[in-house]
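The values are calculated or read from the model by the stated rules, or taken from the named source; none is laboratory data. Note that this is a predicted model, so its numbers are computed, not measured. Methodologically, a virtual Cβ is constructed for each residue, glycine included, from the backbone with ideal geometry; neighbour enumeration extends over all protein chains shown.
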Amino acid sequence: SSMEISFAGKRALVTGAGKGIGRATALALARCGAKVVAVTRTQADLNSLVQECASITPVCVDLADWEATEAALQDVGPIDLLVNNAGCAILKPFLEVTPDQFDQLFNVNVKAVLHVSQILARGMKARGSGGSIVNVSSQASQCAVRDHAVYCATKGALDMLTKVMALELGPYKIRVNSVNPTVVMTDMGRLGWSDPKKAQTMMSRIPLGQFAEVDDVVNSILFLLSDKSNMTNGVTLPVDGGFLAC
């Protein structure tokens, strides 16, 4: 059909590619013909990913480490498509948040996105062939969630980073957008929402009456990476069943 998405001839890099949304995105991009570089900090996850899809190039690095990231990504070659998916969540009541937790979340959820994007967008700009970047944000960027003070703050920051990147990189035909899912049924999602009462309270506020599946998010990422979204730049796309609408 006319909406078939192909990434043949494109090179993609996905962070946080070992698990959850990142892993599914890396595999989907490979299925759509892209050459995929998968970045994550857990070697075992990379090993199983490459076993599942031999064409994927693994890079093991902790993105919270600025110097290590610089070194790990300097030789990945030209990248056309970037998915900044790596993220972490530490849930704490507001009054109990520690400086270490604050720094850990901002380092991974915001600073590493800035850094990885700088490295790869420099190459996109120099080659003059454009590109597309998708940042994986959250409905938590726009809606307060108990015990998520720092997490919500990082995602609010990420949404504004997305918009400024779109503004400054747009002239080089590099588009930058984010996807903002509600609770997604990954291991990380189950961790935060395993309490049935808490889950029910959240789900009751979603008009479609369900949490997101990984594929719902992956399909939105593929759309934003592809030329089917050529005029979409600087948006935060909710994948939330209508949660933010009401």
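Numbers for the structure displayed
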| read-out | value |
| --- | --- |
| In the range 148-184, the residues that are in contact with a strand residue (DSSP E or B) (Cβ under 6 Å, 6 or more places away or on another chain) and charged (D, E, K, R) | Asp159, Arg175 |
| Filter result (under 14 Å from the mean Cα position of the chain (by Cα) and without any contact (Cβ under 8 Å) to a residue 24 or more places away in the chain) within the range 88-139 | Cys88 |
| Elements of type helices (runs of 4 or more DSSP H) contained in the range 1-102, each with 1 or more residues being of a type outside the set (Gly, Ala, Ser), closer than 27 Å to Ser129 by Cα and modelled with pLDDT of 95 or more | 20-31, 66-73 |
| The range 145-161 - residue that is β-branched (Val, Ile, Thr) and surrounded by 20 or more Cβ atoms within 10 Å (Cβ to Cβ) and, of those, nearest to Phe223 (Cα to Cα) | Thr154 |
| Selected residue [of a type in the set (A, V, I, L, M, F, W, C), assigned to a helix (DSSP H, G or I) and buried (at least 18 other Cβ atoms within 10 Å of the Cβ)] from Leu224, Leu244 | Leu224 |
| Residue that is within 20 Å of Met160 (Cα to Cα) and surrounded by 13 or more Cβ atoms within 10 Å (Cβ to Cβ), where the choices are Val218, Val214, Val235 | Val235 |
| Output for the range 118-144, where each listed residue is surrounded by 20 or more Cβ atoms within 10 Å (Cβ to Cβ) and either part of a helix (DSSP H, G or I) or out of contact with any helix residue (DSSP H, G or I) (no Cβ under 8 Å at 6 or more places or on another chain) (or both) | Leu120, Ala121, Met124, Gln139, Ala140, Ser141 |
| Per-region count, the range 162-188, residues crowded, with 21+ Cβ neighbours inside 10 Å and assigned to a helix (DSSP H, G or I) | 3 |
| Whichever residue in the range 14-38 is of a type in the set (A, V, I, L, M) and farther than 22 Å from Glu213 by Cα and, among such residues, is surrounded by the fewest Cβ atoms within 10 Å (Cβ to Cβ) | Val37 |
| Every residue from the range 189-207 that is assigned to a loop (DSSP other than H, G, I, E, B) and either exposed (fewer than 13 other Cβ atoms within 10 Å of the Cβ) or of a type in the set (S, T, N, Q) (or both) | Ser194, Asp195, Ser204, Pro207 |
| Lone unmet requirement of (1) on the phi > 0 side of the Ramachandran plot; (2) touching a strand residue (DSSP E or B) at 6+ places or on another chain (Cβ under 7 Å) for Leu46 | (1) |
| Of all residues making up the range 4-54, the number that are touching a residue at least 60 places away in the same chain (Cβ under 8 Å) and under 16 Å from Asp216 (Cα atoms) | 9 |
